[in-house]
């Protein structure tokens, strides 16, 4: 989730923007790239008894992420469609509630909690690695600064804090 359905947009146009669009939306929504689904719906418009070209329309079905994310999401989709040569389009959002959405017979909220726990563990491990790297950098800087004859404007309070 999110799931984007394109109407009045060709498969080739969606394919041309699919990689960068999905990557940008995944980053914005803070979800794995594979959670972004792009689908092209083949439609035929009828106007005054005649077939006509369907107006470019995108429906994004998702779990609500708030107005700011929704606005940015729409801007990203619009920008990519313009890059694909589509000057005008519309986007609408269909909001799903996690407690009303089921994946393999289980509520999405339940599935998300399991996934979030795994993601949390991975994220925590990455943060610990980054903290260890920063601690080592601080230690090296402290040793260099504390070396005899070094010219430093470091305060004694900062030096004491680095030693700890």
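Inspect all residues belonging to segment 4-12 and state whether any of them is surrounded by 12 or more Cβ atoms within 10 Å (Cβ to Cβ), more than 13 Å from the chain's Cα centre (by Cα), within 26 Å of residue 98 (Cα to Cα) and in contact (Cβ under 8 Å) with a residue 60 or more places away in the chain.
Yes: one or more hits.
If I filter segment 63-95 down to residues being assigned to a loop (DSSP other than H, G, I, E, B) and touching a residue at least 60 places away in the same chain (Cβ under 8 Å), which single residue comes out as farthest from residue 12 (Cα to Cα)?
If we take residues in segment 63-95 being assigned to a loop (DSSP other than H, G, I, E, B) and touching a residue at least 60 places away in the same chain (Cβ under 8 Å), then 89 is farthest from residue 12 (Cα to Cα).
The conditions are (1) modelled with pLDDT of 75 or more; (2) within 21 Å of the chain's Cα centre (by Cα), and residue 111 fails exactly one of them. Which is it?
(1)
For segment 6-29, give me each residue that is touching a strand residue (DSSP E or B) at 6+ places or on another chain (Cβ under 6 Å) and closer than 14 Å to residue 86 by Cα. It would help to see each step written out before you state the result.
Residues of segment 6-29 touching a strand residue (DSSP E or B) at 6+ places or on another chain (Cβ under 6 Å): 6-8, 11, 14, 18.
If the condition is that a residue be touching a strand residue (DSSP E or B) at 6+ places or on another chain (Cβ under 6 Å) and closer than 14 Å to residue 86 by Cα, then 6, 7, 8, 11, 14 are the ones that fit.
Within segment 11-37, can you find the residues that are at negative phi and not in a helix (DSSP H, G or I)?
Residues of segment 11-37 at negative phi: 11-29, 31-37.
Of everything in segment 11-37, those that are at negative phi and not in a helix (DSSP H, G or I) turn out to be 31, 32, 36, 37.
Kindly list, by first and then second residue, each pair from a residue in segment 39-52 that is in a loop (DSSP other than H, G, I, E, B) to a residue that is surrounded by 10 or more Cβ atoms within 10 Å (Cβ to Cβ), limited to pairs with Cβ atoms under 8 Å and residues at least 6 apart or on different chains.
43/7; 43/8; 43/54; 44/54
Listed here are the residues, each with its yes/no results for (1) loosely packed, with under 12 Cβ neighbours inside 10 Å; (2) farther than 28 Å from residue 98 by Cα; (3) in contact with a helix residue (DSSP H, G or I) (Cβ under 6 Å, 6 or more places away or on another chain); (4) modelled with pLDDT under 95.
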| site | (1), (2), (3), (4) |
| --- | --- |
| 22 | no, no, yes, no |
| 31 | no, no, no, yes |
| 37 | no, no, no, no |
| 40 | no, no, yes, no |
| 53 | yes, yes, no, yes |
| 56 | no, yes, no, no |
| 60 | no, no, no, no |
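The values are calculated or read from the model by the stated rules, or taken from the named source; none is laboratory data. Just so it is clear, the structure is predicted and the values come from calculations on it, not from any experiment. Note: ideal-geometry Cβ built from the backbone for every residue, glycine included; neighbour counts use all protein chains shown.
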